[in-house]
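Colleague: One structure coming up, written as structure tokens, with questions to follow.
The values are calculated or read from the model by the stated rules, or taken from the named source; none is laboratory data. Given the structure is predicted, the values throughout are model-derived calculations rather than measurements. Don't worry about glycine lacking a Cβ; one is built from the backbone with ideal geometry, like all the others, and counts go over all protein chains shown. For accessibility, only protein heavy atoms count, side chains too; no ligands or nucleic acids. Shrake-Rupley method; radii C 1.70, N 1.55, O 1.52, S 1.80 Å.
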Amino acid sequence: MAAGAAELLRLQWRLEELERCVGGCGDGDDGACGPRKVAEELVKVQVALNNIAGKRERIKILFKKIEDVIKYLDPQYIDRMAVPDAMKLQFILAEEQVIPSQAALLEQVKNLQPILDSASIQAVPDHAAKLQRLSQIHIQQQEQRHDLTDSVKTLLEDYNKMTLLLSKQFVQWNEILTRLETAKEAKPAAE
């Protein structure tokens, strides 16, 4: 009850402050602008609008339809009109098998909540700078590895080319030596 009274006093103070601001009376005016109240002015405006509405038939119709317009502007109105309650019930019944599994997953998340609130998880933002530095080092090492891989690949290709050339040279030398040895053995036999 005391909370309600305090809220009422706070609202009254806000209304008086609003009246003071809108009415143009400052703190130092001491009521020089008169007892003009916002609520009284609003009542006068409402009476004037009702008088105008009483004289014009189109405005009467408009005032009667304002409630309908407010109802149509409600975002849930389309949902209520587009999806009747029977259809909503069908949606729920169609998902009947999925709902228990979703409830179990929600319960699992609630059970794991203390882990998310643990000090180690809460300290993750503190470690972000270290992780950033480590990720930069990792990227640099990957680039170095890539460069090293390329240079090793080039060296292996050069080694393979050199080995192939040396093998061909040895085969040529072997053929030359074989011919010379055959020619040398054929000469003494011919003499």
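Colleague: Conditions first: (1) at pLDDT 80 or above; (2) part of a helix (DSSP H, G or I); (3) of a type outside the set (Lys, Arg). Residue 96 passes all but one, so which condition is the exception?
Modeller: (2) is the only condition that residue 96 fails.
Colleague: Let me ask something else about it. Criterion first (modelled with pLDDT of 80 or more and of a type outside the set (A, V, I, L, M, F, W, C)) does residue 76 satisfy it?
Modeller: Here the answer is no, as residue 76 does not meet what is asked.
Colleague: Oh, and also: Identify all residues within the stretch 113-170 that are of a type in the set (D, E, K, R) and in a loop (DSSP other than H, G, I, E, B); write none if there are none.
Modeller: 117
Colleague: Select from the stretch 59-86 the residues that are open to solvent by 80 Å² or more (accessible area, probe 1.4 Å) and among the charged types (D, E, K, R) and write down the one among them that is farthest from the chain's Cα centre (by Cα).
Modeller: Out of the qualifying residues, it is 64.
Colleague: Could you tell me whether residue 134 is among the hydrophobic types (A, V, I, L, M, F, W, C), under 30 Å from residue 13 (Cα atoms) and either surrounded by 10 or more Cβ atoms within 10 Å (Cβ to Cβ) or modelled with pLDDT of 90 or more (or both)?
Modeller: No: the conditions fail for residue 134.
Colleague: A follow-up question, please. Name every residue in the stretch 22-58 that is modelled with pLDDT under 75 and either part of a helix (DSSP H, G or I) or farther than 27 Å from residue 11 by Cα (or both), in order of residue number.
Modeller: Residues satisfying the conditions are 22, 23, 38, 39, 53.
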